[in-house]
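The values are calculated or read from the model by the stated rules, or taken from the named source; none is laboratory data. Worth saying up front: this structure is predicted, and the values here are computed from it rather than measured. Every residue, glycine as well, gets a Cβ built from its backbone with ideal geometry; the counts of neighbours run over all protein chains shown.
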Amino acid sequence: MTDTPNSEPGTPNIEHVPVLLSEAVDLLSPKPGGVYVDGTLGAGGHAAEILTRSAPDGVLIGLDQDAEAVERSRAVLAPFGARVVIRQANFRDLPTVLTELGCGPVNGVLLDLGVSWFHLRSPQRGFSFMLEGPLDMRMDRGRPRNAADLVNGLPREELARIIREYGEERKAGAIARAIEQARAREPITTTAQLARIVSSVFPPYSSRRIHPATLTFQALRIAVNDEMAALRDALVHTIPLLQPGGRMAIISFHSLEDRIVKQSFVAAARGCTCPPKLPVCGCGTKPVLNILTKRPITAGREELARNPASRSAKLRAAEKL
Ligand SMILES: C[S@@+](CC[C@H](N)C(=O)[O-])C[C@H]1O[C@@H](n2cnc3c(N)ncnc32)[C@H](O)[C@@H]1O
């Protein structure tokens with residue numbers, strides 16, 4: 001889910017609404033007796049649908065790096081009993097999890113990237129610029145560095161790079177300078193403090209559609225959780241773990257993420273890695289995937305109206321040959 005729908009304080013505490021639910025699960029095509037992986041359990045919405053469609057005996061292995069998500073999805077998925085196995089783990093470690101479970105190649109893998117509503121609605125998790133809390137942003141609270149460590153400790157140039165690259169924020173340089181000046185006075189420890197510093201770089205009555213801190217918070221979250229590297233690792237490790245005919249569906253919310261997914265799928269579908277000038281293939285690398293979505297699937301008008309968080313979602317899927 002996207003990281004931008006920071007809720008206004010006081011809005012009702014609705015649960016996470018799964019994005020592109022039927023589209024993603026249709027592409028995964030769960031069948032009775034199959035073994036499926038949901039690498040991003042969140043609140044368990046997609047997982048429940050996969051289990052329902054693979055009844056009576058399909059199995060779901062569910063992972064989330066966040067302990068709170070694991071707890072929530074355990075409760076949501078309890079009615080499916082022994083058909084669900086849940087582990088707190090990063091999806092980049094899927095091969096280890098499957099080995100520990102004694103599980104061979106699987107029939108499908110779903111990744112629905114980003115954070116959940118409960119992350120954005122919990123002030124103490126530090127993801128939201130709308131709710132005052134410690135500047136944390138770690139999904140896995142075992143990670144060594146949180147957002148405050150990055151904001152207070154990284155050189156200005158590195159902060160600017162993160163904000164530019166992961167936030168696609170045009171004012172990244174000015175924001176990094178403002179952070180550098182502010183932290184020289186006192187450490188930046190709360191979400192509200194950082195939101196004020198970032199906002200000071202923008203004109204007070206800017207016509208921006210989104211809060212001025214949106215992209216900076218997104219960038220820091222991606223850096224804190226090493227999200228791009230985790231996705232790259234997951235793609236490399238997961239394709240070999242699919243059975244022939246097994247499917248992989250990935251929902252991303254950021255152009256960098258979508259590019260990583262698209263390029264990995266294209267490379268695996270092409271196989272040969274020889275330079276295009278070579279008249280015949282010398283590497284012998286065979287294609288391993290068939291791409292099922294020539295273009296990414298996005299939310300339709302009805303879903304966009306119902307769930308604004310779906311606006312930047314892109315779904316791509318592929319099948320193991
Ligand atoms: C958008 S939510 C998933 C929502 C879920 N599909 C649902 O229907 O409720 C993304 C979840 O993935 C988890 N997550 C993000 N990156 C992860 C990673 N590298 N490994 C494991 N879990 C991850 C987050 O903690 C969050 O709970």
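Scanning the range 264-285 for residues that are outside any loop (DSSP other than H, G, I, E, B) and free of Cβ contacts under 8 Å to residues at least 40 places away in the same chain, we see that the one that is farthest from LEU235 (Cα to Cα) is ARG270.
Considered as a group, the residues in the range 190-229 that are surrounded by 17 or more Cβ atoms within 10 Å (Cβ to Cβ) and within 15 Å of ARG145 (Cβ to Cβ) include one that is nearest to the chain's Cα centre (by Cα), and that residue is GLU227. I'm trying to understand the selection: among the residues of the range 298-313, which are in contact with a Leu (Cβ under 9 Å, 6 or more places away or on another chain) and buried (at least 20 other Cβ atoms within 10 Å of the Cβ)? Once the filter is applied, which keeps residues that are in contact with a Leu (Cβ under 9 Å, 6 or more places away or on another chain) and buried (at least 20 other Cβ atoms within 10 Å of the Cβ), the range 298-313 yields ALA299, GLU303, SER310, ALA313.
Among the aromatic types (Phe, Trp, Tyr) and at pLDDT 95 or above: does that describe TYR205? Even if it seems obvious, please write down each step before you answer.
On the way: among the aromatic types (Phe, Trp, Tyr): yes; at pLDDT 95 or above: no.
So TYR205 fails the test.
Taking the range 172-248 as the region of interest, the helices (runs of 4 or more DSSP H) fully inside it that hold 2 or more residues being touching a residue at least 24 places away in the same chain (Cβ under 8 Å) and of a type in the set (Asp, Glu) are 227-238. Taking the range 70-92 as the range and being free of Cβ contacts under 8 Å to residues at least 60 places away in the same chain and in contact with a helix residue (DSSP H, G or I) (Cβ under 8 Å, 6 or more places away or on another chain) as the test, the residues that pass are ARG72, SER73, VAL76, LEU77, PHE80, ARG83, VAL84, VAL85, ILE86, ARG87, GLN88, ALA89. Exactly one residue out of ALA47, ALA75, ALA82, ALA55 is buried (at least 18 other Cβ atoms within 10 Å of the Cβ) and either assigned to a helix (DSSP H, G or I) or more than 8 Å from the ligand (Cβ to nearest atom) (or both), and it is ALA47. All of (1) within 30 Å of LEU20 (Cα to Cα); (2) touching a residue at least 12 places away in the same chain (Cβ under 8 Å); (3) not β-branched (Val, Ile, Thr) hold for ARG145 with one exception: (1). Just one of the numbered conditions (1) over 22 Å from ALA299 (Cβ atoms); (2) in contact with a Lys or Arg (Cβ under 8 Å, 6 or more places away or on another chain); (3) crowded, with 17+ Cβ neighbours inside 10 Å is not true of HIS237: (3). LYS314 meets each of the listed conditions (1) free of Cβ contacts under 8 Å to residues at least 40 places away in the same chain; (2) within 22 Å of LEU94 (Cβ to Cβ) apart from (1).
Can you tell me which residues in the range 298-321 are under 14 Å from HIS254 (Cα atoms) and either more than 19 Å from the chain's Cα centre (by Cα) or assigned to a strand (DSSP E or B) (or both)? LYS314, LEU315, ARG316, listed by residue number. May I ask you to list the residues in the range 29-61 that are polar (S, T, N, Q), closer than 24 Å to GLU71 by Cβ and out of contact with any Leu (no Cβ under 6 Å at 6 or more places or on another chain)? Correct list: THR52, SER54.
Within the range 85-100, the set of residues being of a type outside the set (S, T, N, Q) and exposed (fewer than 13 other Cβ atoms within 10 Å of the Cβ) comprises just one member, GLU100. Within the range 103-135, can you find the residues that are within 16 Å of the ligand (Cβ to nearest atom) and small (Gly, Ala, Ser)? Hits for the range 103-135 are GLY108, GLY114, SER116, SER122, GLY126, SER128. Tell me, please, whether a residue that is charged (D, E, K, R), farther than 30 Å from GLY142 by Cβ, modelled with pLDDT under 95 and more than 12 Å from the ligand (Cβ to nearest atom) can be found in the range 8-22. Yes: the range 8-22 contains one or more residues that are charged (D, E, K, R), farther than 30 Å from GLY142 by Cβ, modelled with pLDDT under 95 and more than 12 Å from the ligand (Cβ to nearest atom).
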